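Please read the structure below before turning to the comments.
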Amino acid sequence: MLEIKGLKVKLEEEDKEILKGVDLNIAPGMVHAIMGPNGSGKSTLSYVLSGRDGYVVTDGSATLDGVDLLSMAPEERAAAGLFLAFQYPVEIPGVGNMTFLRTAVNAQRKARGQDELSAGDFLKVVREKAKSLKIDAEMLKRPVNVGFSGGEKKRNEILQMAMLEPKMCILDETDSGLDVDAMKLVAEGVNALRSEGRSFLVITHYQRLLDHIKPDVVHIMADGRIIKTGGPELALEVENNGYADILTEVA
Amino acid sequence: MALAKLKQDTTAARLADVTLPTGAAWANAARADALARVRAMGLPTRRDEYWKFTDPTSLTAVDAPAAALFDTDEAPLFDAVDRVKIVFVDGILDAAASDDLTVEGVVIERLADVMAADIHWARDIYGVLETCGQKPVERALAALNTAMATDGVVIHATAKAAKPINLIYLHSDPASDVVLHNLVKVDAGAEVTLLETGPAAARFSKCLEVDVAEGGAFHHVRVQGRDHERRAVTHCFARISAQSTFKSFTLTFNGVLTRNECVIDIVGDDATAHVAGACVGDGHDFHHDDTVFVTHDALRGESRQVFKKVLRNGAVGVFQGKILVKQGAQKTDGYQISQSLLLDDDSQFLAKPELEIYADDVACSHGSTTGAIDETALYYLRSRGVPADQARNLLTLAFLAESLEEIADPALANDLRDRLESWLARHR
């Protein structure tokens, strides 16, 4: 599904290398988690994959089902099936949440050569999916993320994911700013989307999200590289001992 | 005090060939008075402080610069709205093209007829509100309009008008130089909506005087037409009584030069006055100026000024807005915001927000911002699959949304939103 080879990335505005050769291979239906200390390059990886400005790829490749992601515009990557749930979802005053969702869904359908959804059909689907995430009609009417609580913003991200039905989902610190109940709700939303054809990359600082979204593979990232890969037990090791042991061990 | 040489010359040249139209005695007096005031004030020049950001030369020139006619295949605005259409072609009312003027709740007359009538309520408003609006800032072009105007409509709302009145200003002669003057009187508890659409002329001078009695409501939605080369100077003078409502919204597309002045006097307690505008301009010859003056002279008045401009390819936007709160106008709630979205580095927004307050228990705020498209929001939209152009348009419309919300009727607002969308789709 997602294949990253020797990916090296530096900042556009200063000569600082953030990713120093990342290799990652996620098979269809698998859930991978990336953990790592602050500044290890986890979020940068998610931005570079989704096409945010400000980064320069100096070496390596990233493909989604064999298609080169890095040469595509962000909207093309989305249409190809990539989705990033933002760590800090963006507020867009003046754009209604519903308008935003419908514009996005129909833009992707158009890019894939499908017919646009009618307003009625769209409404039906969105209401059903919103309900399971406890997103009420009021939240759908309000401008995108404006005045939303931290939990509402993250649930809104998962709603977008559910509506867009991507095949590769990247969750960037989706647990940050969430209380236990909100985290459970978000995790349930994610788990409901798990399927054979859909893969996940879950970026997190803490093991607790992984109690709810069970990963198949856990990677530890430090200083722009994946330094260790293992099963779910690796996350527990981090939870119990911190990163220090692993960093020393690898060094 | 003698006028400056430039002002003197400009005024003398402009007035040299002006002969006042004649009508009833009161009308002749109003026109003569207006002309005398123009002579005393002198026409504006670019040295005037009030015209610092907008060059009035082409508005005061003897001959109007020609403006090519603009072909459009768009359906007329507000086509789906049940309304009374009054059509002006190059400033002359075209009765054959207009609807029957009988509407429940309002009396509509033609200015030409009213100015010939010996007895008419119009004498208490025509040029009267305009004269009041000349202090503390002179608006000589409005006085010139009062002196010269022969056509327009005179609307008297006696109850809730059954439908909106749409003045449609068509432009058919590339050299047309048009002066129109409209009056609106809203009786106590009455309500009327005035729609104005169309480019009107190569050069258009329009004055609107509105008197709203206690508990009355006046709604105004205007779209200034898309002719690229047209010039317009418009004035609105409103007097708002107790518990009354005044709401005006203007959408401007294209045009070389547009100066819209709106002068509102809140003279009765608990009155509401909102004036808003959105403009979209493309190209270095686009110049749009909103100049607003709201005076609070009563208790608990609420006023809002909301102006948004989208500018690209060297377009220039100007906002001069003032809230004056007089002594004793306690509990005034005044708000003013002017914002521009500059889509490139060549475009310019010039703002002069002012507050002048002589009462000590008021809430007044004003703000002005200039910015580009929010790159983070753009990335967010694109990451959800929305193509860059479409995402930019969505954000541009979102920027304008606050001003469109000032339109009370959602059907009218939707019509304008659609127009904006198609304008943006054409200007990429």
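Only one residue in A:Ala79, A:Ala119, A:Ala73 is farther than 29 Å from A:Asp223 by Cα, open to solvent by 10 Å² or more (accessible area, probe 1.4 Å) and touching a Gly at 6+ places or on another chain (Cβ under 7 Å). Which one?
On inspection, the qualifying residue turns out to be A:Ala79.
Given the conditions (1) open to solvent by 30 Å² or more (accessible area, probe 1.4 Å); (2) in contact with a Lys or Arg (Cβ under 8 Å, 6 or more places away or on another chain); (3) not polar (S, T, N, Q), report the number of the one that A:Gly113 does not fulfil.
(2)
Just to be sure I understand, how many residues within region B:369-383 are more than 7 Å from every other protein chain (Cβ to nearest Cβ) and buried (at least 20 other Cβ atoms within 10 Å of the Cβ)?
Qualifying residue count for the region: 2.
When you go through (1) closer than 28 Å to B:Glu405 by Cα; (2) open to solvent by 10 Å² or more (accessible area, probe 1.4 Å); (3) of a type in the set (Asp, Glu); (4) modelled with pLDDT of 90 or more one by one for A:Glu157, which number turns out not to apply?
With (1) closer than 28 Å to B:Glu405 by Cα; (2) open to solvent by 10 Å² or more (accessible area, probe 1.4 Å); (3) of a type in the set (Asp, Glu); (4) modelled with pLDDT of 90 or more applied to A:Glu157, the lone miss is (2).
Looking at region B:384-406, which of the residues that are open to solvent by 10 Å² or more (accessible area, probe 1.4 Å) and of a type in the set (Gly, Ala, Ser) is farthest from the other protein chains (Cβ to nearest Cβ)?
Applying the filter and picking the extreme gives B:Ala388.
Scan region A:185-210 for residues that are closer than 13 Å to A:Leu159 by Cβ and hydrophobic (A, V, I, L, M, F, W, C) and report the count.
Selection size over region A:185-210: 5.
Can you tell me how many residues within region A:165-179 are open to solvent by 10 Å² or more (accessible area, probe 1.4 Å) and within 12 Å of chain B (Cβ to nearest Cβ)?
1
Given (1) closer than 28 Å to B:Leu167 by Cβ; (2) touching a helix residue (DSSP H, G or I) at 6+ places or on another chain (Cβ under 9 Å), where does B:Phe88 come up short, assuming only one miss?
(2)
Can you say whether B:Asp269 is under 17 Å from the mean Cα position of the chain (by Cα) and open to solvent by 10 Å² or more (accessible area, probe 1.4 Å), as far as the supplied structure shows?
no
Restricting attention to region A:53-69, and to residues there that are open to solvent by 40 Å² or more (accessible area, probe 1.4 Å) and not in a strand (DSSP E or B), which single residue is nearest to the other protein chains (Cβ to nearest Cβ)?
Restricting to residues being open to solvent by 40 Å² or more (accessible area, probe 1.4 Å) and not in a strand (DSSP E or B), the top hit is A:Asp53.
Does any residue of region A:35-52 turn out to be open to solvent by 10 Å² or more (accessible area, probe 1.4 Å), out of contact with any strand residue (DSSP E or B) (no Cβ under 7 Å at 6 or more places or on another chain) and at the interface with another protein chain (Cβ under 9 Å from one of its Cβ atoms)?
Yes.
Only one residue in B:Leu35, B:Leu69 is under 29 Å from B:Thr197 (Cα atoms) and either of a type in the set (S, T, N, Q) or touching a helix residue (DSSP H, G or I) at 6+ places or on another chain (Cβ under 7 Å) (or both), so which one is that?
Every option except B:Leu35 fails the conditions.
Kindly indicate the residue of region A:70-80 that is more than 9 Å from chain B (Cβ to nearest Cβ) and of a type outside the set (S, T, N, Q) and also nearest to B:Asp389 (Cα to Cα) among those meeting that condition.
The selected residue is A:Met72.
Just one of the numbered conditions (1) at the interface with chain A (Cβ under 8 Å from one of its Cβ atoms); (2) open to solvent by 50 Å² or more (accessible area, probe 1.4 Å) is not true of B:His366; which one?
Evaluating B:His366 over (1) at the interface with chain A (Cβ under 8 Å from one of its Cβ atoms); (2) open to solvent by 50 Å² or more (accessible area, probe 1.4 Å) leaves (1) as the failure.
Cβ-Cβ distance below 6 Å, separation of 6 or more or different chains: which pairs start in region B:213-236 with a residue that is on the phi < 0 side of the Ramachandran plot and end on one that is outside any loop (DSSP other than H, G, I, E, B) and of a type in the set (D, E, K, R)?
Close Cβ pairs satisfying both conditions: B:Ala217/B:Glu191; B:His219/B:Lys247; B:Arg222/B:Glu196; B:Arg231/B:Arg203; B:Val233/B:Arg259; B:Thr234/B:Lys206; B:His235/B:Glu261.
I need the helices (runs of 4 or more DSSP H) fully contained in region A:81-152, keeping only those with at least 3 residues that are under 28 Å from A:Val202 (Cβ atoms) and away from chain B (no Cβ under 14 Å).
A:119-132
The values are calculated or read from the model by the stated rules, or taken from the named source; none is laboratory data. Just so we're clear, the structure is a prediction, and the values are computed from it rather than from any experiment. Note that we place each Cβ from the backbone using ideal geometry, even for glycine, and neighbour counts take in every protein chain shown. Note: areas computed on protein heavy atoms with side chains; ligands, DNA, RNA excluded. Shrake-Rupley method; radii C 1.70, N 1.55, O 1.52, S 1.80 Å.
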